[in-house]
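J.: A single structure is presented below for examination.
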Amino acid sequence: MAGDKVRVPDLARMKARKRKIAMLTAYDYPFARIFDQAGIDVILVGDSLGMTVQGRDSTLPVTLDEMIYHLRMVTRACTRALVIGDMPFLTYQVSAEDALRNAGRLIKEGGAEAVKLEGGIAVAETVRRLVSVDIPVMGHIGLTPQSVHRMGGYRVQGRTEGRAAGCRERLLEDAAALEAAGAFAIVLEGMPAELGHEITERCGVPTIGIGAGPECDGQVLVMHDLLGLTQNHRPRFVKAYAALAENAAAAAAAYAREVREGVFPAPEHCYPRKELSS
Ligand code: KIV
């Protein structure tokens with residue numbers, strides 16, 4: 001499967017063959033191209049761009065037009081990875097018909113091959129409607145960032161006993177409702193590893209974990225976390241595979257120093273004068 005284009009049905013095949021799915025967010029052409037060429041299976045243009053790219057404190061203000069703008073850059077860069085577009089807050093909750101029009105724009109105008117939306121039982125009918133017109137849908141349950149105000153912050157779900165027992169049952173029901181509605185995969189975010197494992201075992205469609213333990217059928221990370229570009233709080237589930245913030249800061253500081261000292265540009269960076277031919 002290494003060099004072949006990844007398509008929606010491939011994810012089910014990967015689950016069946018126990019081949020883990022590697023998914024990553026991207027928001028622009030250069031990074032999407034690097035990740036696509038590095039063999040990432042699925043690239044998500046996440047509404048996390050509200051925080052990682054726009055510097056907002058939640059994903060809630062992100063608009064559909066902004067998602068389309070970023071999707072176009074990413075789809076232009078990808079030849080192999082499956083590209084999924086996130087549906088921003090209030091673009092799918094109002095009605096199934098509204099969701100259909102908005103998901104259609106991510107596909108028609110942004111070039112997405114599938115869409116992702118947050119929620120379980122509450123959005124199952126909407127998922128069914130999108131799937132009925134062949135728009136592939138990825139679900140997203142657990143810590144759903146668009147529910148930040150209800151959750152009272154970005155909180156791990158289904159962790160403590162008691163109230164969490166109900167939460168655990170609800171998450172199992174949410175996953176079952178999404179699968180029954182036709183979702184082709186489900187993101188499990190911010191839950192104990194045991195619960196991620198249980199949902200993955202019970203679920204017929206692939207699960208993609210982010211802070212949901214190693215037993216999910218795949219994993220997703222936000223690219224800024226993976227590359228060490230995030231300068232604020234780093235959640236427990238994040239592993240930074242590079243330290244680009246430090247590298248970029250060092251490069252910018254070295255450049256500023258050399259400009260001020262007259263070291264840059266050196267002769268090799270200057271265009272020589274053209275000899276006049278007689
Ligand atoms: O918006 C996003 O980047 C996401 C991932 C964290 C799954 O939803």
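The values are calculated or read from the model by the stated rules, or taken from the named source; none is laboratory data. If you're wondering where the values come from, they're calculated on a predicted model, not measured in any experiment. No Cβ is skipped: glycine too gets one built from the backbone with ideal geometry, and neighbour counts run over all protein chains shown.
J.: It is to be established whether one or more residues within the range 73-82 are under 10 Å from residue 27 (Cβ atoms) and within 14 Å of the ligand (Cβ to nearest atom).
T.: The answer is yes; a qualifying residue exists.
J.: Could you tell me how many of the residues in the range 36-57 are part of a loop (DSSP other than H, G, I, E, B) and either within 11 Å of the ligand (Cβ to nearest atom) or among the hydrophobic types (A, V, I, L, M, F, W, C) (or both)?
T.: 5
J.: Being among the charged types (D, E, K, R) and in contact (Cβ under 8 Å) with a residue 24 or more places away in the chain is the filter here; which residues of the range 233-267 pass it? Even if it seems obvious, please write down each step before you answer.
T.: Pass one, the range 233-267, residues among the charged types (D, E, K, R): 234, 236, 239, 246, 257-258, 260-261.
Selection gives 236 alone.
J.: Residues to consider are 240, 254, 249; find the one that is surrounded by 11 or more Cβ atoms within 10 Å (Cβ to Cβ), modelled with pLDDT of 95 or more and under 29 Å from residue 15 (Cα atoms). Lay out the reasoning, then the answer.
T.: Numbers: 254 fails: under 29 Å from residue 15 (Cα atoms); 249 fails: under 29 Å from residue 15 (Cα atoms).
The match here is 240.
J.: In addition: Which of the residues spanning the range 44-97 are surrounded by 22 or more Cβ atoms within 10 Å (Cβ to Cβ) and among the small types (Gly, Ala, Ser)?
T.: Residues satisfying the conditions are 46, 50, 81, 85.
J.: Moving on. Does residue 129 satisfy the criteria of being free of Cβ contacts under 8 Å to residues at least 60 places away in the same chain, surrounded by 16 or more Cβ atoms within 10 Å (Cβ to Cβ) and assigned to a helix (DSSP H, G or I)?
T.: yes
J.: Looking at (1) in contact (Cβ under 8 Å) with a residue 40 or more places away in the chain; (2) among the aliphatic types (A, V, I, L, M); (3) assigned to a helix (DSSP H, G or I); (4) out of contact with any Gly (no Cβ under 6 Å at 6 or more places or on another chain), find the lone condition where residue 71 falls short.
T.: If we test residue 71 against (1) in contact (Cβ under 8 Å) with a residue 40 or more places away in the chain; (2) among the aliphatic types (A, V, I, L, M); (3) assigned to a helix (DSSP H, G or I); (4) out of contact with any Gly (no Cβ under 6 Å at 6 or more places or on another chain), just (4) comes out false.
J.: Assuming residue 161 fulfils every condition listed in (1) modelled with pLDDT of 95 or more; (2) more than 26 Å from residue 16 (Cα to Cα); (3) of a type in the set (Asp, Glu) apart from one, which condition is it?
T.: The single condition residue 161 does not satisfy is (1).
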